[in-house]
Structures are given as structure tokens and as C-alpha cells.
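Asks: Sharing a structure here in C-alpha cells format.
The values are calculated or read from the model by the stated rules, or taken from the named source; none is laboratory data. Keep in mind the model is a prediction, meaning the values are calculated, not measured. Cβ placement follows ideal geometry from the backbone for every residue including glycine, while neighbour counts extend to all protein chains displayed. Please note that ligands, DNA and RNA were not included when accessible areas were found on the heavy atoms of the full protein model with its side chains. Shrake-Rupley method; radii C 1.70, N 1.55, O 1.52, S 1.80 Å.
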Amino acid sequence: MGSMDHFSFGWLTPLLSYAMACAGAALGLRCTLRALSATGASRRNWLLTAAAAIGSGIWMMHFVAMFGFTVDGTALRYDVPLTVLSLLVAVAVVGLGVFVVGYGRHRGRSLLLGGLITGVGVAGMHYLGMAAVRMHGELRYQAGTVALSVLIAVGAATAALWAAVTIRNAYAAAAAALVMGVAVSCMHYTGMAAVHVHLEPARTGLGGATPLEFVFPLAVGLGSFLFLTSAFVALSPTAQEHAAYREAGELAVEELGRAA
């Protein structure tokens, strides 16, 4: 059995991965809140943005944390199609969860169903990402610890969706994003605690790409997406601000009419 190290760069990768999870959660919660106060195509677009933010943030959390994962006796590579698929799964399933909440008529049932879908999707992304790992050996899992990681993912997703539809205060929303980051990180490292590596004699070269060749550039791209989207959301007026601008414009027209 191979000796594993989840913290080969010390606390750098856990802290960076936690920051990625928090950034995605904060932006996603903000976009979901905007969606709930919008209608029509605007609501749909905000929910799509929320799904992309939360899904990509969780994906980056996983793969930034994986930079610190090493196994004695073998190099590690990543299957590119499976890695990309894990990102798409994260965004798609989170999107399904936020749409259930965004359009559900019964808030309680929508939260439970949305949290279940999103949590299972987050866990699926994690284990699909692990399936993309290539090494001279194989990964095996403890079923009980895997089940615990899925429960943590479902609980974290449900709590995040509840926060998105309940919290209106900016400070409370920031606190909810920090808690969501902790929950996602706990899910990841619980899932990693279920892993056991069984090495095999190296007979052939490893396929796939190294993290620096593929995962790092993709993570940088997604990080830029989160930054730019955060700037857009911060500068975009809320529904209340739109109403205030419209009311101010109507008053200005009335005053001009009286003056004429």
C-alpha cells in the first residue's frame, strides 16, 4: 500500500482551496439572492451565473487541494477528459439544485430536494475527479467514510441554499460563504480519508497531464472568471435600485412637465 501525503505543500493548498470554495460560494449566494428578486429571463440568467460560480468554486477547491496530494513510489497524472467532465458535472448539478430552489413553489421541499441534488452532485464531482487520477497503482475506498463525505456534501449544499434564500444582510451572507467553504473542505478531506492506494510495478508510462500542464491553467481561468463576475455583480444594480432609478426618472419627468 502506498504512503500518501495530503499536505505536501504544508497549509498552502488547504488555505488556497478553502479560499476558492468561499469565493465561489459567496458569489453564488449573491447571484441566487439576485435571482429571487428578479423575474423572467433575468432570474434564469442569475441562476445560471450562480450555478457556474458555485460549481467552479467547488471544482477549484478540489483540484487546488489535490496539488498537495502525493503518493510515495509513483508519479500522478490526470486524465484530461474526465477532469473536464468533473467540472461540467459540478456546474450542471449545482445548476439543477439552484433552479429547483429558484422556481420551486414550496420553499421547504424545494430546499431539501435542491440540497440533495446539489450535494450528491458535489460528491459526484469529487469522486469523478479522483477517477481522473492516473498512477502506477489503484485507488480503493472505505465505504463508510465515502458515505460520510456524501452526507457532509448534502448537508453543506442544503445549508448554502437555505442561506441563499433566507439571508439578506451582507455580513451574514459573507459568514454563510465562510461556513460553506469549511463544509466543502471537510467533504473533500473526508473523501480523501477514505482513500487507500495499492501500488503496482511500473511497467508502462503514465498517460494524462500533470497538474501544472492542465489543472493549473484551467484553475487560473476559472479564478479570473470568478473575479470578473464578482466585479460585475458588485457594479450591477439590484432590483430595488432599478425601482428607485425608475421612480426617480418618473418624478423628474413629472417635474419637467409641471415646469413646462
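Asks: Could you run through region 63-87 and say how many residues are under 12 Å from LEU218 (Cβ atoms) and either open to solvent by 10 Å² or more (accessible area, probe 1.4 Å) or in a helix (DSSP H, G or I) (or both)?
Replies: Filtering region 63-87 for residues under 12 Å from LEU218 (Cβ atoms) gives 63-64, 78, 80, 83-84, 86-87.
Checking which are either open to solvent by 10 Å² or more (accessible area, probe 1.4 Å) or in a helix (DSSP H, G or I) (or both) leaves us with 63-64, 80, 83-84, 86-87.
The total comes to 7.
Asks: Here is a check on your reading of the model: is ALA35 within 16 Å of VAL94 (Cβ to Cβ), within 13 Å of the chain's Cα centre (by Cα) and open to solvent by less than 50 Å² (accessible area, probe 1.4 Å)? If you could, list the steps in order and put the result at the bottom.
Replies: Details: within 16 Å of VAL94 (Cβ to Cβ): yes; within 13 Å of the chain's Cα centre (by Cα): no; open to solvent by less than 50 Å² (accessible area, probe 1.4 Å): yes.
For ALA35, the condition - within 16 Å of VAL94 (Cβ to Cβ), within 13 Å of the chain's Cα centre (by Cα) and open to solvent by less than 50 Å² (accessible area, probe 1.4 Å) - is not met.
Asks: Could you grab me the full set of residues in region 136-162 that are part of a strand (DSSP E or B) and open to solvent by less than 60 Å² (accessible area, probe 1.4 Å)? Give the steps one after another, and end with the answer.
Replies: Step one: filter region 136-162 for residues part of a strand (DSSP E or B), giving 137-141.
Result: GLY137, LEU139.
Asks: Still on this structure: What are the residues in region 13-39 that are in a loop (DSSP other than H, G, I, E, B), among the hydroxyl-bearing types (Ser, Thr, Tyr) and in contact with a helix residue (DSSP H, G or I) (Cβ under 7 Å, 6 or more places away or on another chain), if any?
Replies: Residues of region 13-39 that are in a loop (DSSP other than H, G, I, E, B), as a first pass: 37-39.
If we keep only those that are among the hydroxyl-bearing types (Ser, Thr, Tyr) as well, we get 37, 39.
Of everything in region 13-39, just one residue is in a loop (DSSP other than H, G, I, E, B), among the hydroxyl-bearing types (Ser, Thr, Tyr) and in contact with a helix residue (DSSP H, G or I) (Cβ under 7 Å, 6 or more places away or on another chain), namely SER37.
Asks: Please specify each residue of region 203-221 satisfying the condition of being closer than 14 Å to ARG77 by Cβ and either surrounded by 12 or more Cβ atoms within 10 Å (Cβ to Cβ) or at pLDDT 75 or above (or both).
Replies: Taking region 203-221 and keeping what is closer than 14 Å to ARG77 by Cβ, we get 204-216.
Within region 203-221, LEU206, GLY207, GLY208, ALA209, THR210, PRO211, LEU212, GLU213, PHE214, VAL215, PHE216 qualify.
Asks: On the given criteria, is SER42 part of a helix (DSSP H, G or I), modelled with pLDDT under 85 and among the hydroxyl-bearing types (Ser, Thr, Tyr)? Steps first, please.
Replies: Values: part of a helix (DSSP H, G or I): yes; modelled with pLDDT under 85: yes; among the hydroxyl-bearing types (Ser, Thr, Tyr): yes.
Yes, satisfied.
Asks: Would you point out which residue out of LEU111, LEU161, LEU206, LEU151 is more than 19 Å from the chain's Cα centre (by Cα) and of a type outside the set (S, T, N, Q)?
Replies: Values: LEU111 fails: more than 19 Å from the chain's Cα centre (by Cα); LEU161 fails: more than 19 Å from the chain's Cα centre (by Cα); LEU151 fails: more than 19 Å from the chain's Cα centre (by Cα).
Of LEU111, LEU161, LEU206, LEU151, the one residue that is more than 19 Å from the chain's Cα centre (by Cα) and of a type outside the set (S, T, N, Q) is LEU206.
Asks: For region 88-144, name all the residues that are basic (Lys, Arg) and in contact with a Lys or Arg (Cβ under 9 Å, 6 or more places away or on another chain).
Replies: Keep residues of region 88-144 that are basic (Lys, Arg), which gives 105, 107, 109, 134, 140.
Within region 88-144, ARG134 is the sole residue that qualifies.
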